[in-house]
Amino acid sequence: MLLIHCPYCDETLPEAEFTYAGEAHVIRPPDPSALSDDDWQGFLFIRSNTRGPHYERWRHFHGCGRFFNAVRDTVSDRFLTTYPAGQPRPALETLTAASEDRK
Amino acid sequence: MSQYRVPGRGRVDLSRPVDFTFDGRSYRGAQGDSVASALLANGVHLMGRSFKYHRPRGAIAAGSEEPNALIGTSRGAGRFEPNTRATMQEIWQGLETTSQNKFPSLKWDVGAVNDAAYMLFSAGFYYKTFMWPKSFWNKVYEPFIRAAAGLGTAPTEADPDQYASRYLHCDLLIVGAGPAGLAAARAAMAEGLRIVIVDENAEPGGSLLSEPQARIDGLPAWDWLDDELAALKAAGVRIMTRTTAIGYYHYNMLALCERVTDHLPSLPADTPRERMWRVRARQVVLAQGALEKPLVFHGNDRPGVMLAGAAQTYLNRYGVKVGNAPVVVTSHDSAWYAGFDLQEAGARVQAIVDTRPHVRDDLMDQARALGIPVRLSHTVTATSGRLRVSGVRVNPVSGAAVGAGQQITCDALLMSGGWTPSLHLFSHTQGKLAWDDDLTTFLPHETREACVIAGAGRGLWGIEAALTDGAARGREVAAALGHPGNPAAVSVENDRPGSGVSQKELPTDRNPGRAKAFVDYQNDVTAKDLRLAVREGMRSIEHVKRYTTNGMATDQGKMSNINGLNIAADALGRPAPQVGLTTFRPPYTPTTFGAFAGYQRGAHFEVTRKTPIDPWAEAHGAVFEPVGQWRRARYFPQPGEDMDTAVRRECRQTRESVGIFDASTLGKIEVVGPDAVTFMERMYTNPWAKLGVGRCRYGLLLGDDGYIRDDGVIGRMAEGRFHVTTTTGGAARVMNMMEDYLQTEWPDLDVWLTSTTEQWSTIALNGPNAAKLLAPLVEGVELTEDAFPHMACIECTVAGMPARLFRVSFTGEIGFEVNVPAPLGRKLWEILWDAGQQYGIVAYGTEAMHVLRAEKGYIIVGQDTDGTVTPYDAGMGWAVGKKKPDFVGKRGLARPDLAAKGRKQLVGLLTEDRSKLEEGAQIVFDPNQPIPMKMVGHVTSSYHSDAAGRPIALALVEGGHDRMGEVVHIPMPDRTIAAKITGTVFVDPENTRLKI
């Protein structure tokens, strides 16, 4: 079972408290009607399916209830970092060193 | 006493005899025996038949890696357990055990004909042998394979035992209580550190239990062990025996299965049979030791052929000679000691046969001193004996040449092909392995987990090496935990370090294509099968594994994987590390379903939510159904009524007078805040800005893809306050979706969302007399058409209780939904029930609710929609606020596919012959087209309707809205039913009945 750090509660807690919520930084356009079919399809359906560090969303469902972002390595299943929703995506170079911290 | 029991040896208590049965025959063992050791003490080697060829088999090992000696154990009704390893099951007075895979008896088995026909059952035989004639598959081959397949017999009765689940948090978890594990604990222990040692055996000690000859720090090994265990316990170290670490999961979580009662003669009260521990450890030491490899030669599976290390364990731990005239065959030093120990215990070792040309002088000297004949540079080419080995054929080897065979008579054959570190748990962590050329095996290399390996688990042999390495690793993890660790220096006398060489199949002078040289005993895979797989094109070890099933049995390849790899690599002409190892997966040993299920069985399988009115329904004979973790009253049968009659009565009385319905399970969300209306405008398809306070509206929720997700009536209680209802099953999903948009897309909106599902009891009153019944109880509003019209809502008082009253209808009748604080629900229900007696009130359940709503064409999301239905498909374009600039799903609805012609649309169906359709039945336009027919939709809802005077149905049909009046066909197994497409409203299309 994964251990996940909730950036709002500032606690590292078991996966059972959290729910996965898909890829992060997929922003709903302010005026969807202005989008072409292709662009709307991209927003709705197309995801990066990354092998390696993946920006993704989690919700501390059975805790504070907040959605937040995380970088998780999809190969090792280890979290590199978590951060509040709305913050820009952290650069990967800054993360790899810290990746082994939260054991 | 049996001639195989050696007094003065072993840890069993001969003064405490234990009687048990095997295949109905009674045997006597001693306290401390396993089933295997007790049977061996009685001279019984034949313990089972093999899976595929039904070959007679005996115990080959002494521990959990045993592939052959699988037995059934039973202790009364429901307590039968198949596939128990006889080497692990402790005996107790009265234990009943049975052998497996035999018919009619273990000694005379008809399935053994497979053995004679073994050429048919070679690798991949499923794919080849049974292909022709085709007609034989159903009637001959498949029934035969099914009857022959599987290990043991599944129990037929429910398991009466309890199983427990626990969490455990510790600083250091040590897996394996052998010398390395104990030394690690000793070196790491410190004030305040929580250290746990687990071991799958009945007592701690590991290899020390089999090596009493060693002296550690001047003490005999077993005395040293006693002192050490006492010291560890005194220091607060927790030692858990009969507890198997079955899996190693992310972030140092390990699962342990503790066997609590299987070794006890009588079951203590209130005690679980097994306990599953989920352990989160800051640091882990894996000190699981190593597993001995068999040698691969023709006849290496005959009862009496066993691992040398196992024979040593049976002798030294259990006081049992596995034979009086054993032969040892080995490529590793360790087996020599097994021969020495047996000779000293009174057996006459017929020969020690070593494949190597040179062996350490001290071993040669000791063999000579004990009078044991030695043959170096020899191979074994065959064994003889029907139900037990009676002889072995050995041949000299010189280079590639195998000389003439010579027969040696024996009653046991002890083999050793060297040792393989137990890599299973380490592999569960995705740990990387490194090939060691000297040991010709994989060793643990790197893992991301906070975990170190100690002792034989990383290729170190001998007690001193294990103790020294264990201590070093213990200090290493202590440092990681912020402690200095404890110094340790040990001296070990009579240690037995050793080395050896690794073999493929042993060389033979016979046709290797006819050899039955087993690699995987449990799945009956031979060396020949592995080579055949490579010849037939399997290149990856994963393919070889699946084609031959090598390593796929319940022993998880504990014995077979490295031998299989060596042989496959040789056949492929590639070095072993390039061929690689297949993946080990949890659980380490077979684990009961009960241990995994724990408390989650029967009524505790999942949560059952009950409304405050549920006890009333139960007292009034309701039949319940589960809906989204709720249990809801489905119908209220009166004496003699079946479901159909009860539902018809409930519908009729509701439409004639008044019905009362517990709608408390409806999801409820309070949407509050200055921006609440903006939020609602963006979430739901409907316009909300102009909805007045005190009015409610049917709301439709889409996903951004344009498909219907949920629906429900939403009331505006105040400018910035909405009372949102959702479907019963969709409440949590809708809440999550709303939170998602609010938190991440529109964090600027000032809105609060609160789930209030369980805060309200909701009682629906429907029928022509609903207003008359309710009006006298309501304070704050007149229940007239003018003061409180259809789709009005208000906060008022009902029967003296604070209430939110909605005038809504899910039946087409005059309808109200009264929400009161949940604890008051039952009281209000009873007040309404009493007051309704004068009108002949009826309580109706979900089944009648479904009929009543279907008669009016009201959809159930998830029944009449399936996640690919748009509001337009459902005929509810009227609910879409087309003038709104945006809402969730608006852009989705404009996707070309969603606007295309020919989509499946919701329509009504009336059968021509007035029969009731089956929900889920497929629909076609042309019943005479060839099979497979083109399916154009399916029936989503179907009921008998008294109000319509006939059965009615709703269906999704391609282009259905443009096909009104057309006839479609529903092919059923016995006939094809014709039905006419109609609108979805079957009763009162003008809604005249809604008026008070």
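Only one of (1) open to solvent by 20 Å² or more (accessible area, probe 1.4 Å); (2) within 14 Å of chain A (Cβ to nearest Cβ); (3) under 36 Å from the mean Cα position of the chain (by Cα) is not met by B:Asp704, so which one is it?
B:Asp704 satisfies all of (1) open to solvent by 20 Å² or more (accessible area, probe 1.4 Å); (2) within 14 Å of chain A (Cβ to nearest Cβ); (3) under 36 Å from the mean Cα position of the chain (by Cα) except (1).
Looking at (1) in contact (Cβ under 8 Å) with a residue 60 or more places away in the chain; (2) part of a strand (DSSP E or B), find the lone condition where B:His54 falls short.
(2)
Limited to segment B:87-113, what total is found for residues that are open to solvent by less than 70 Å² (accessible area, probe 1.4 Å), at pLDDT 85 or above and outside any loop (DSSP other than H, G, I, E, B)?
4
Give me a count of the residues in segment B:882-916 that are more than 10 Å from every other protein chain (Cβ to nearest Cβ) and in contact (Cβ under 8 Å) with a residue 24 or more places away in the chain.
Final tally of qualifying residues: 20.
Anything in segment B:435-473 that is more than 14 Å from chain A (Cβ to nearest Cβ), open to solvent by 30 Å² or more (accessible area, probe 1.4 Å) and within 31 Å of the chain's Cα centre (by Cα)? List them, or say none.
Answer for segment B:435-473, where residues must be more than 14 Å from chain A (Cβ to nearest Cβ), open to solvent by 30 Å² or more (accessible area, probe 1.4 Å) and within 31 Å of the chain's Cα centre (by Cα): B:His445, B:Arg458.
With the condition kept exactly as written, say whether any residue in segment B:786-794 is out of contact with any Leu (no Cβ under 8 Å at 6 or more places or on another chain), small (Gly, Ala, Ser), open to solvent by 20 Å² or more (accessible area, probe 1.4 Å) and farther than 23 Å from B:Phe661 by Cβ.
yes
Quick one: count up the residues across segment B:724-779 that are assigned to a helix (DSSP H, G or I) and either basic (Lys, Arg) or within 11 Å of another protein chain (Cβ to nearest Cβ) (or both).
13
Taking segment B:237-252 on its own, how many of its residues are open to solvent by less than 40 Å² (accessible area, probe 1.4 Å) and not in a loop (DSSP other than H, G, I, E, B)?
Residues meeting the conditions: 8.
Which numbered condition trips up A:Ser33, out of (1) within 8 Å of chain B (Cβ to nearest Cβ); (2) open to solvent by less than 50 Å² (accessible area, probe 1.4 Å); (3) outside any loop (DSSP other than H, G, I, E, B); (4) of a type in the set (Ser, Thr, Tyr)?
Failing condition for A:Ser33: (2).
Test B:Arg585 against the criterion of being out of contact with any helix residue (DSSP H, G or I) (no Cβ under 6 Å at 6 or more places or on another chain), part of a loop (DSSP other than H, G, I, E, B), within 21 Å of B:Arg546 (Cβ to Cβ) and free of Cβ contacts under 8 Å to residues at least 40 places away in the same chain, and give yes or no.
Here the answer is no, as B:Arg585 does not meet what is asked.
Would you mind stating whether B:Asn523 is part of a loop (DSSP other than H, G, I, E, B) and crowded, with 22+ Cβ neighbours inside 10 Å?
yes
Spot the failing condition for B:Trp688; the list is (1) over 47 Å from the mean Cα position of the chain (by Cα); (2) over 27 Å from B:Leu898 (Cα atoms), and only one is missed.
Only one criterion in (1) over 47 Å from the mean Cα position of the chain (by Cα); (2) over 27 Å from B:Leu898 (Cα atoms) is unmet by B:Trp688, namely (2).
Considering only segment B:833-852, I want to know if a residue exists there that is open to solvent by less than 40 Å² (accessible area, probe 1.4 Å), more than 26 Å from B:Met643 (Cβ to Cβ) and either within 14 Å of another protein chain (Cβ to nearest Cβ) or not small (Gly, Ala, Ser) (or both).
no
Which of the residues belonging to segment B:405-439 are modelled with pLDDT under 95, among the polar types (S, T, N, Q) and touching a helix residue (DSSP H, G or I) at 6+ places or on another chain (Cβ under 7 Å)?
B:Thr420, B:Ser422
Being under 32 Å from the mean Cα position of the chain (by Cα) and charged (D, E, K, R) is the filter here; which residues of segment B:730-750 pass it?
B:Arg733, B:Asp740
Restricting to segment B:897-918, name every residue that is more than 20 Å from B:His938 (Cβ to Cβ) and either basic (Lys, Arg) or modelled with pLDDT of 95 or more (or both).
Matches in segment B:897-918: B:Arg914 only.
For segment B:968-979, does any single residue satisfy the condition of being open to solvent by 40 Å² or more (accessible area, probe 1.4 Å), in contact (Cβ under 8 Å) with a residue 12 or more places away in the chain, assigned to a loop (DSSP other than H, G, I, E, B) and touching a Phe, Trp or Tyr at 6+ places or on another chain (Cβ under 9 Å)?
No, segment B:968-979 has no match at all.
When you scan segment B:442-484, how many residues do you find that are touching a residue at least 12 places away in the same chain (Cβ under 8 Å) and part of a helix (DSSP H, G or I)?
Here the count works out to 21.
Which one is nearest to the other protein chains (Cβ to nearest Cβ) among residues in segment A:43-67 that are open to solvent by 50 Å² or more (accessible area, probe 1.4 Å) and closer than 9 Å to A:Glu23 by Cα?
Only one residue fits best here, namely A:Arg47.
Here are some conditions: (1) free of Cβ contacts under 8 Å to residues at least 40 places away in the same chain; (2) surrounded by 23 or more Cβ atoms within 10 Å (Cβ to Cβ). B:Glu344 meets all but one. Which one does it not meet?
Checking B:Glu344 against (1) free of Cβ contacts under 8 Å to residues at least 40 places away in the same chain; (2) surrounded by 23 or more Cβ atoms within 10 Å (Cβ to Cβ), the one that fails is (2).
Any residue at all in segment A:68-86 that's assigned to a loop (DSSP other than H, G, I, E, B), within 12 Å of chain B (Cβ to nearest Cβ) and of a type in the set (Ser, Thr, Tyr)?
yes
Among the strands (runs of 3 or more DSSP E) confined wholly to segment B:608-663, which include 3 or more residues that are in contact with a Ser or Thr (Cβ under 6 Å, 6 or more places away or on another chain)?
Strands (runs of 3 or more DSSP E) meeting the threshold: B:630-635.
The values are calculated or read from the model by the stated rules, or taken from the named source; none is laboratory data. The structure presented is a predicted model; accordingly, all values stated were derived computationally and were not measured. FYI the Cβ positions are ideal-geometry reconstructions off the backbone, even for glycines, and counts take in every protein chain you see. With ligands, DNA and RNA removed, areas are computed over all heavy atoms of the protein, side chains included. Shrake-Rupley method; radii C 1.70, N 1.55, O 1.52, S 1.80 Å.
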